[in-house]
Amino acid sequence: MKIIITENMGEFNKVAADIVSRQIKNKPDSVLGLATGSTPLGLYAMLIDMYKKGELDFSRVKTFNLDEYRGLPKDHPQSYYHFMYENLFNKINIKDENVNLLNGNRDESYRECADYEEKIKAAGGIDLQVLGIGHNGHIGFNEPGTPFDSVTDLIDLSERTIEANSRFFDSPDQVPRQALSMGIKTIMQSRNIVLLISGNSKARIAAKALNGPITQNVPASVLQLHPFVTVVLDKEAAVYL
C-alpha cells in the first residue's frame, strides 16, 4: 500500500488526477471504476480540464460506477446517474455505450446486480477503481459487517450513512434506505485501486482502515490485503496515521 499525504486540496486533486490520467494514457481502453460524493469532485474537474486541453482522450474508456440508490429515478438530482453526467460524463468525450451505471429502479434488483457483475467480467475487469470512504469505514455502500467475499448486491444502508447523506436531501426522510453496490470482492478484484480520503472528519476512520486490524467492522481495512493500492490523503485526514 502506497500512502501519499498532500498539503492541501489542490495538491490532493492533482495527485489523484495524475494517477487516473496516467492509467488512461498507458491504456487508452482502460476500464475505470468510479465513485460519487464530494471527495472526487476535484478529481473529476481536473480530468475535464485535461480533456479540454487535449491531454486526455476518453473515447475508448469504459466506466463502472460503484453504486446507486434504490428507487431514485435517473433524473433525480441526487441519483448517482445524474451526479456522474453532471460532473463528468457530459463534459468529456466518453461514449454513452461505454458508461455503466447500476439501475436503482429495476424491479428485479438482484438480477440487476448479477447482470452488472457479468458486464464487469465481459469488459475484462476493472483496471483502476476510484474509492472514497464513509465515516463508518464503508467502501461503495458496503456497510460494517459486510462479508469480504460479497459481490454486487442490494444493501440496507446504516443509520449513520443515511444521516451523513441527508445533507444532500431536503430531509433525512428523503434519503433512500437501500442502495445497489459493488461488493467488496468485486472491488478487490480491480487490478489497481486509489482510495481518496480528505478532511478531519475522516481522520479517525482513515487510521482504523489503514493501520488497524483487518476486520469486517471496518470494510475499508480489507484494502490492506490488495497488492496495488494508492491512498491519497490531505494532511487533515492524515493526522492520526
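Of the set (1) under 17 Å from the mean Cα position of the chain (by Cα); (2) farther than 20 Å from Gly37 by Cα, all apply to Val239 but (1). Residues in region 176-208 that are closer than 30 Å to Gly124 by Cα, in contact with a strand residue (DSSP E or B) (Cβ under 8 Å, 6 or more places away or on another chain) and not in a loop (DSSP other than H, G, I, E, B): Gln178, Ala179, Leu180, Ser181, Ile184, Ile187, Asn192, Ile193, Val194, Leu195, Leu196, Ile197. Please go through region 137-161 and give me each residue that is of a type in the set (A, V, I, L, M) and either exposed (fewer than 14 other Cβ atoms within 10 Å of the Cβ) or in contact with a helix residue (DSSP H, G or I) (Cβ under 6 Å, 6 or more places away or on another chain) (or both), ordered by number. Matches in region 137-161: Ile139, Val151, Leu154. If you filter region 35-75 down to residues that are in contact with a Lys or Arg (Cβ under 7 Å, 6 or more places away or on another chain) and not small (Gly, Ala, Ser), you find that the one that is nearest to His135 (Cα to Cα) is Met46.
Go through region 1-29 and give me each residue that's in a helix (DSSP H, G or I) and either among the hydrophobic types (A, V, I, L, M, F, W, C) or more than 19 Å from the chain's Cα centre (by Cα) (or both).
In the first step, residues of region 1-29 are kept if they are in a helix (DSSP H, G or I); the result is 9-26.
Matches in region 1-29: Met9, Gly10, Glu11, Phe12, Val15, Ala16, Ala17, Ile19, Val20, Ile24, Lys25, Asn26.
Listed by first and then second residue, the pairs linking a residue in region 30-52 that is more than 16 Å from Tyr85 (Cβ to Cβ) and outside any loop (DSSP other than H, G, I, E, B) to a residue that is among the charged types (D, E, K, R) and modelled with pLDDT of 95 or more, with Cβ atoms under 7 Å apart and 6 or more places separating them unless they lie on different chains, are Val31/Lys62; Val31/Asp127; Met46/Lys14. Going through region 118-133 one residue at a time, which ones are buried (at least 17 other Cβ atoms within 10 Å of the Cβ) and assigned to a helix (DSSP H, G or I)? Answer for region 118-133, where residues must be buried (at least 17 other Cβ atoms within 10 Å of the Cβ) and assigned to a helix (DSSP H, G or I): just Ile120.
Restricting region 95-112 to residues that are buried (at least 22 other Cβ atoms within 10 Å of the Cβ) and at pLDDT 95 or above, the residue that is nearest to Pro28 (Cα to Cα) is Leu101. Tally up the residues in region 71-90 that are more than 21 Å from Ser59 (Cα to Cα) and surrounded by 14 or more Cβ atoms within 10 Å (Cβ to Cβ), please. Number satisfying all stated conditions: 7. Pairing each residue of region 150-175 that is free of Cβ contacts under 8 Å to residues at least 12 places away in the same chain and part of a helix (DSSP H, G or I) with any residue that is of a type outside the set (A, V, I, L, M) and surrounded by 14 or more Cβ atoms within 10 Å (Cβ to Cβ), provided the two are 6+ apart or on different chains, yields C-beta distances under 6 Å for Pro172/Ser166.
Taking the criterion of being out of contact with any helix residue (DSSP H, G or I) (no Cβ under 7 Å at 6 or more places or on another chain) and either assigned to a loop (DSSP other than H, G, I, E, B) or over 16 Å from Leu43 (Cα atoms) (or both), the residues of region 70-89 that qualify are Gly71, Leu72, Pro73, Pro77, Ser79, Tyr80, Tyr81, His82. Does Ala220 satisfy the condition of being assigned to a helix (DSSP H, G or I), touching a strand residue (DSSP E or B) at 6+ places or on another chain (Cβ under 8 Å), of a type in the set (Gly, Ala, Ser) and crowded, with 16+ Cβ neighbours inside 10 Å? Judged against the criteria, Ala220 is a match. The number of residues in region 53-81 being among the hydroxyl-bearing types (Ser, Thr, Tyr), free of Cβ contacts under 8 Å to residues at least 60 places away in the same chain, over 20 Å from Gly125 (Cα atoms) and touching a Phe, Trp or Tyr at 6+ places or on another chain (Cβ under 9 Å) comes to 2.
The values are calculated or read from the model by the stated rules, or taken from the named source; none is laboratory data. Quick caveat: nothing in here was measured; it's all calculated off a predicted structure. Note that we place each Cβ from the backbone using ideal geometry, even for glycine, and neighbour counts take in every protein chain shown.
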